[in-house]
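Chemist: I have a structure I would like to understand better, so I am pasting it below and will then ask my questions one at a time.
Just so it is clear, none of the values below were taken in a lab; they were calculated from the coordinates. These numbers were taken from a predicted model, which means no experiment stands behind them. A quick note on method: Cβ atoms are made from the backbone with ideal geometry, for glycine too, and the neighbour counts reach across all protein chains shown.
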Amino acid sequence: MTMSEALTGDAAAVPSAGTSTMTMIQALRSALDVMLARDPDVVVFGEDVGYFGGVFRVTDGLQAKYGTSRVFDAPINEGGIVGVAVGMGAYGLRPVAEIQFADYFYPASDQIVSEAARLRYRSVGDFTAPVTLRMPCGGGIYGGQTHSQSPEALFTHVCGLRTVMPCNPYDAKGLLIASIECNDPVIFLEPKRLYNGPFDGHHDRPVVPWSQHPLAAVPDGHYVVPLESARVFREGRDVTILTYGTMVFVSEAAASETGIDAEIIDLRSLWPLDLDAIVRSVKKTRRCVVVHEATRTSGFGAELTALIQEHCFYHLEAPIERVTGWDTPYPHAQEWDYFPGPARVGRALRRAMED
Amino acid sequence: MTEQRRSAAPAGREPLHLHVPEPSGRPGHHTDFSYLQTSPAGAVPRPPIDVSPADTGDLARALVRVLADDGRALGPWNPQLEPGRLRQGLAAMLKTRAFDARMLVAQRQKKTSFYMQSLGEEAIGTGQAFALEPGDMCFPTYRQQSLLLARDDISMVEMMCQLFSNQRDPMKGRQLPVMYSYKRAGFFTISGNLATQFIQAVGWAMASAIKRDTRIASGWIGDGATAEADFHTALTFAHVYRAPVILNVVNNQWAISTFQAIAGGEATTFAGRGVGSGIASLRVDGNDFLAVYAASHWAAERARSNLGPTLIEWVTYRAGAHSTSDDPSKYRPKDDWANFPLGDPIARLEAHLIAIGEWSEARHDALRKEIEAQVAAAQKEAETFGTLVDGHIPDPASMFEDVYETMPAHLVAQRAQLLSGR
Ligand SMILES: Cc1ncc(C[n+]2csc(CCOP(=O)(O)OP(=O)(O)O)c2C)c(N)n1
Ligand SMILES: [Mg+2]
């Protein structure tokens, strides 16, 4: 799949009573639709999100339905997008802004780190920033170094931000609604390679659509997936895999291909996170592999391994393994040598089982 | 709180409403191009290069044009180029157009993952390339391939190897197609992050002044990206230090799906931003090769004479899709370019050369075919080194190089891990 293919439309949903089969794009759109309808304070904006409906089509049709005062295009200025979102939040709105690619949030760093994240603290709750910042992240579409990054650790390092990353349509909708309803600023990272199907890292195989997957059954109405709650994505006894986003499916493929009975914890909320779920699983399996697509050094995996060391040290039977992107910019042509695919995760699983 | 906000407006006052600019044309109905203030060819005065920036206000609102509809070159901005030079300009534009057309097909054949064409904007890079001197440095966006293709010293084969991410790709497969880097041709490495290069152009120009050099810089940005803070920052630094830089704004009316009014172009001009910052500014017909050359030359002379920066807004039209990932029929009329008042830059220069008796349709066709054959031959040669689809990509282990000047231990270890399959 290339950028050109990833940026085209998605398949139609097959409705059933109160639940529809949705792609991740449709589930996110449904969350925005539900919240725009329920809460007159919700506004949606960003580059190309208005008339066109976003380069990944997540906001398609919403401007026509809710009007240009609720869903609109923004100038290409990420600092401006986040800055006005903070201002709107100060007024009392619940802005949901899209940063077209997570790779483009950097011009907004000051508004995110110094402003949105600290408004509550510095005003002792006088002002808050109930802002949700949606950002497609991750690789797998030949996007090169500026359409592939996974900057989650840059956000988890900032006190006051919540960082969330769903990996399937059901969680995407429930977490987006929870994020919009949350009074804290939420960084909502959307693994773009999962938009149209549960990609497991086998890039040379045919694309698997969401329609086959149980987590593509999404309630049509309002529901939340609570923040700070992990999902046991796959139960297992041998080893715990702590992961999130695209790597959940990569890890699942690695577990089935190695035959290792891995328990996969999809963190969903990266920070603040569901420490109990992590500790429970690692104490049960006594082994742990941490997997993420982002670069390794000072990556979120470092935080996870530190937490396990602090909370599970005496239960561990093997060193914790980390599988991550290499510490280089995301290359374009060598994408699949960079991407930590099922083979690399599988090797780490075997190492974790050795001792 | 909601209740409080919803309270009725005081008697006699309408409640506020949000203005969101809209283009006049959308799929199914035509654009009303009267929003685009134009001036007749030859009508706009050409001030001396030491004009006070404050006195360029009118030039930033009008439209500098040389080529009239009947093909004649009119007025004080006529650069009086030799016919031979004009034919070179025409050939360079044809080359860019043929190159783009072929690479679009190559993308559909998956030989490259991605492409961005410059259809309709060929005159701008070409005209400016002709006005710059060896050693000057451009800080382009992804849509200035004409700066490279206007030169004889950059081979199309090499550019195509970059697009095909093959083993001869000078960017070693690291960069998205079209993200060229050619220091030797005065072409700064292209960033995927919009607008960053605009400030860097100013910094390069400041360096040239610091070193008492004679070279100048040329920064490039699209209408959409002028909304970034980096654009305004660049104007401030350029003005403060009177940097020897040409600040080019390519206003092709669109930024992916958003109309230039969303970038702040409604009822004002992008050139006007320059005047407000104390920078001499021009608004120029970007589809008029003669006007492009003349304005670029004027700005370059100012820069080289220690008179400081010039901002030029090039009015043009993005005739094709934003990129191969885009479908403009979803957000603008299909026939928009045909109705665009400034026409096609190649057809206009061709008409001028014919009008002055220096060209003919037959020669034009012959030249176009010759150039298309050159582009096809270049592609054939480039493909012998592989394309993305056949897997002849640069060595994966090379991705660990150039992160630092010398490879630190952790990258040596990671490279070893990649190679050993551990
Ligand atoms: C910082 C940043 N934000 C967003 C993008 C995504 N993006 C790429 S091109 C583009 C539109 C740019 O339009 P314009 O500046 O008018 O240039 P044009 O494409 O018309 O030449 C956008 C929004 C980006 N590359 N970088
Ligand atoms: Mg543009």
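Chemist: Most exposed first by the Cβ proxy, i.e. fewest other Cβ within 10 Å, how do B:Lys334, A:Lys284 rank?
Modeler: Exposure proxy ranking, most exposed first: B:Lys334, A:Lys284.
Chemist: Here's a follow-up. Among rounded, prolate and oblate, which fits segment A:135-208 when a ≥ b ≥ c are the square roots of the eigenvalues of its C-alpha gyration tensor, a/c under 1.5 means rounded, and a/b larger than b/c means prolate?
Modeler: In terms of gyration-tensor shape, oblate.
Chemist: Considering only chain A, what is the antiparallel percent among its DSSP beta bridges, to the nearest 5?
Modeler: 25 percent
Chemist: Using a 10 Å cut-off around each Cβ, can you sort B:Asp230, A:Asp261 from fewest to most neighbouring Cβ atoms?
Modeler: A:Asp261, B:Asp230
Chemist: Follow-up question, since we're still on this one. Across peptide B:251-259, how many C-beta atoms of other chains are within 10 Å of each residue C-beta, on average?
Modeler: The mean count of partner-chain Cβ atoms within 10 Å per residue comes to 4.
Chemist: Taking chain B as a Gaussian network, Cα atoms linked when under 10 Å apart, which of B:Leu247, B:Leu411, B:Leu36 shows the biggest mean-square fluctuation?
Modeler: Answer for the Gaussian network model of chain B: B:Leu411.
Chemist: Now a separate question. Looking only at chain B, where both bridge partners belong to it, what percent of the DSSP beta bridges are antiparallel (to the nearest 5)?
Modeler: 20 percent
Chemist: According to the square roots a ≥ b ≥ c of the eigenvalues of the Cα gyration tensor, what is the shape class of segment A:186-256, taking rounded for a/c under 1.5, prolate for a/b larger than b/c otherwise, and oblate for the remainder?
Modeler: oblate
Chemist: Helix A:24-38 against the longest principal axis of chain A: what's the angle in degrees, Cα atoms only, rounded to the nearest 10?
Modeler: 40 degrees
Chemist: Can you list, bin by bin at 20 Å, the percent of alpha carbon pairs in the protein assembly as shown, starting at 0?
Modeler: Once binned at 20 Å, the Cα pair distances of the protein assembly as shown give 16, 46, 31, 7, 0.
Chemist: How far, in degrees from 0 to 90, does helix A:342-354 lean away from the longest principal axis of the Cα atoms of chain A, to the nearest 10?
Modeler: Approximately 40 degrees, to the nearest 10.
Chemist: In what sequence do B:Ser34, B:Ser257, B:Ser398, A:Ser150 fall when counting other Cβ within 10 Å, fewest first?
Modeler: Arranged by neighbour count, lowest to highest, B:Ser34, B:Ser257, B:Ser398, A:Ser150 become B:Ser34, B:Ser398, B:Ser257, A:Ser150.
Chemist: Also: Work out Dmax and Rg for segment A:8-194 from the C-alpha atoms and quote the Rg first, both in angstrom.
Modeler: Rg, Dmax (Cα atoms, Å): 15.5, 48.
Chemist: Would you tell me the mean number of C-beta atoms belonging to other protein chains that fall within 10 Å of each C-beta in A:44-57, as a whole number?
Modeler: Mean shielding count: 4.
Chemist: Mean-square fluctuation check for chain A, GNM, Cα pairs under 10 Å: which of A:Ala97, A:Ala230, A:Ala277 is largest?
Modeler: Highest fluctuation of the listed residues: A:Ala277.
Chemist: So, one more: Would you calculate a helix-derived [θ] at 222 nm for the protein assembly as shown, using -39,500 (n - 2.57) for each DSSP H run of n ≥ 4 and dividing by the full residue count, to the nearest 500?
Modeler: Counting only the DSSP helices, I get -10500 deg cm²/dmol.
Chemist: Which ³J(HN,Hα) values in Hz, rounded to whole numbers, follow from the phi angles of segment A:171-184 under the Karplus curve 6.51 cos²θ - 1.76 cosθ + 1.60, where θ = phi - 60° and Gly and Pro get x?
Modeler: Going residue by residue, I get 5, 4, 5, x, 6, 5, 5, 4, 5, 5, 6, 6, 8, 9 Hz, with x marking Gly and Pro.
Chemist: Excluding B:Gly224 itself, calculate the net charge of residues whose Cβ lies under 12 Å from the Cβ of B:Gly224, where each Lys or Arg counts +1 and each Asp or Glu counts -1.
Modeler: Charge balance in the 12 Å sphere: -3.
Chemist: Hey, can you grab everything whose amide H is under 5 Å from the amide H of B:Ile312? Only 5+ residues off in sequence or another chain; H modelled, so Pro and N-termini drop out.
Modeler: B:Leu247, B:Asn248, B:Val249, B:Leu282
Chemist: If you don't mind, there's one more thing I want to ask. Given a 10 angstrom Cα cut-off, can you work out which residue in B:Ala366, B:Ala351, B:Ala150 is the most mobile in a GNM of chain B?
Modeler: B:Ala366
Chemist: Using a 7 Å offset from the Cα along the Cα-to-Cβ direction at both B:Arg184 and A:Val232, what is the distance between the two label points in nm, to one decimal?
Modeler: Each label point is offset 7 Å from its Cα along the Cβ direction, giving 6.2 nm.
Chemist: Let me ask you something else. To check you understand DSSP bridge types, tell me what percent of the beta bridges within the protein assembly as shown (both residues inside) are antiparallel, rounded to 5.
Modeler: Here the share of antiparallel DSSP bridges comes out near 20 percent.
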